[in-house]
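So the structure is just underneath, and the comments pick up after that.
The numbers here are math on the coordinates, done by the rules we state, and not lab data. Just so we're clear, the structure is a prediction, and the values are computed from it rather than from any experiment. Heads up, the Cβs are rebuilt from the backbone with ideal geometry, glycines too, and the neighbour counts pull from every protein chain shown.
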Amino acid sequence: MDLLRIIAAVLLPPLGTFLEVGLSKHFWINILLTILGYIPGIVHAVYIIARR
């Protein structure tokens, strides 16, 4: 299941974060990072998924 979340995080970082933590502060931080730059959004999403 984590592999699917990581693939979702690479394609659409907020989706991967949402699947892991729901509508928490990490989701909104990821939205902001993705708007500021696609790569920071991916890094944050993969970090959130790998951390759990």
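The alpha carbon convex hull volume per residue for the chain rounds to 55 Å³. Label separation (Ile7 vs Ala50): 1.9 nm, computed from points 7 Å beyond Cα along the C-beta direction. Pick out the long, greasy-scoring helices in the chain: whole DSSP H runs spanning 15 Å or more along their own axis by Cα, mean Kyte-Doolittle at least -1.0. Taking the DSSP H segments of the chain (at least 15 Å long, mean hydropathy at least -1.0), we get 25-36, 38-51.
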